[in-house]
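Written below as structure tokens is the structure these notes are about.
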Amino acid sequence: MADVEHTIGLLLGTEDDWPRAYEALLRRLGVITGPDGRTHRTVTERVTIEPFNLRDKPRHDLVIDRLAYWYYHPREWLKKIALMDDVYLLNSPFTFQSMEKHAAYCAMMRLGLKVPETVLVPYKNPLDNSRYAYTSERYNKSFDLDATAEQVGYPLFMKPYDGGAWVGVTRIRNSDELHAAYDASGERLMHLQASVEDYEVFARSLTIGPETMVMKFRPEQPMHARYEVDHGFLTADVGQEVVTISRLVNAFFRWEFNSCESLVRGTDVHPIDYANACPDVAVTSLHYYFPWAMSALLRWTVFCVVTDRRPRLDTDTARYFAIGDSAMPYADKLVEYRRLADEYFDVERYEEFCAKHLAHIDGIVYDWVTSEEFRSLLRETVRATYPVHEHEKFLGHFGGLIDAWIRDHS
């Protein structure tokens, strides 16, 4: 029997593949001895949605949230357990507004990142609010959409300020496409953002705690083929910059489970989307990279609960802005940002903990991925995701990619 038992809550929406994987791996991990000399067991519980008294004490030490970005009732529960009970959350519920892209663009522009030129335009259609007509008549300034787009420059993208999964994103080459997209936007608030033309690489980086995997991304492909397995598509310097930007964003906003999209042109890294409250970790998307994601999630969550890592709700923006507002060269700013991010994630202590107490996780994950339990999970996920006539094709596709991971890690 463990001296200490920790409970991790899973606040979930429709996904079932990675939660089952995480639960299975945590069971296989079992008991570990922590730095305090005591044994620790970590268990999971899927969180249900129900009335809650604000003075109730939660059972959870940590919660992985994949739901509250759109479902407000559990979001308020997360705020309550963070404020009143010090439950550790991988993504702060108090910076969710920044997940709607706009604040994230603003903050990273001030820090000097190479964010493309971006303009926020008013709603096309009136809001469903009785005060809108009066306010609009008095204060909404008429504007020239064409002139605004010309300032940004064609081609450009019209993107929802609160979007996700590429919904509502439109590439615009001329005035006709601009007006058609704006008319179709309705009550959605939209950004116009300059396109980074002739880029060489679209990099998508998934960061979990202090670990980052940078993957070659092909947005024009169907979801199962967007992540290309390529281990040398960035130079060492550019790869380090992508990692630093990813961790900077997360440390700045207190996000610990987030993805970042960057376009690389020459030696310039242009981050275009780095606010994802529910980053894609599906086995049918990540495939080859799925075992890494589960390993990183396992390591970081166990580290947090066993070491009693304290949540940081304050964002401490002044330290970052002092660097961003300074005259130091961009490369030096990146060094300082990485230092602040590493400090927030307690990288040195994390690496020492993993080396001493979790060194066997890679072996646990390898044994699980090569087991029938994993193959069963993969089969069930494919059957739940694709129509019957495509099952054989996709089982072969994903099975082959997982086999490649097994060969590379054997």
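The values are calculated or read from the model by the stated rules, or taken from the named source; none is laboratory data. Here the structure is a predicted model, which means the values were calculated and not measured. With ideal geometry, Cβ positions are generated from the backbone for all residues, glycine too; neighbour counts draw on all protein chains shown.
Of the residues screened, Glu100 is not one that is free of Cβ contacts under 8 Å to residues at least 12 places away in the same chain and over 23 Å from Ile364 (Cβ atoms).
Among the residues of region 111-118, is there at least one that is assigned to a strand (DSSP E or B), in contact (Cβ under 8 Å) with a residue 12 or more places away in the chain and either in contact with a Phe, Trp or Tyr (Cβ under 9 Å, 6 or more places away or on another chain) or not charged (D, E, K, R) (or both)? There is at least one residue in region 111-118 that is assigned to a strand (DSSP E or B), in contact (Cβ under 8 Å) with a residue 12 or more places away in the chain and either in contact with a Phe, Trp or Tyr (Cβ under 9 Å, 6 or more places away or on another chain) or not charged (D, E, K, R) (or both).
For region 32-81, the candidate set comprises residues that are aromatic (Phe, Trp, Tyr) and modelled with pLDDT of 95 or more; within that set, the residue that is surrounded by the fewest Cβ atoms within 10 Å (Cβ to Cβ) is Phe52.
Restricting Tyr330, Tyr320, Tyr289 to those that are outside the structural domain of Asp162 (by TED's automatic domain parsing) and surrounded by 21 or more Cβ atoms within 10 Å (Cβ to Cβ) reduces the list to Tyr320. Tell me which residues, restricted to region 184-198, are surrounded by fewer than 17 Cβ atoms within 10 Å (Cβ to Cβ) and either in contact with a His (Cβ under 8 Å, 6 or more places away or on another chain) or in a loop (DSSP other than H, G, I, E, B) (or both). Listed by number, the residues that qualify are Gly186, Glu187, Glu197, Asp198.
The set of residues from region 150-183 being in contact (Cβ under 8 Å) with a residue 40 or more places away in the chain, in a helix (DSSP H, G or I) and surrounded by fewer than 18 Cβ atoms within 10 Å (Cβ to Cβ) comprises just one member, Asp183. Search region 368-403 for residues being loosely packed, with under 13 Cβ neighbours inside 10 Å and of a type in the set (A, V, I, L, M), and hand back the single one that is nearest to the chain's Cα centre (by Cα). Residue satisfying both the conditions and the ranking: Ala384.
Condition test on Arg46, is it over 21 Å from Lys356 (Cβ atoms) and under 18 Å from the mean Cα position of the chain (by Cα)? So Arg46 does not fit the description; no. If the condition is being aliphatic (A, V, I, L, M) and over 20 Å from Trp292 (Cβ atoms), then region 15-46 contributes Val31, Ile32, Val43.
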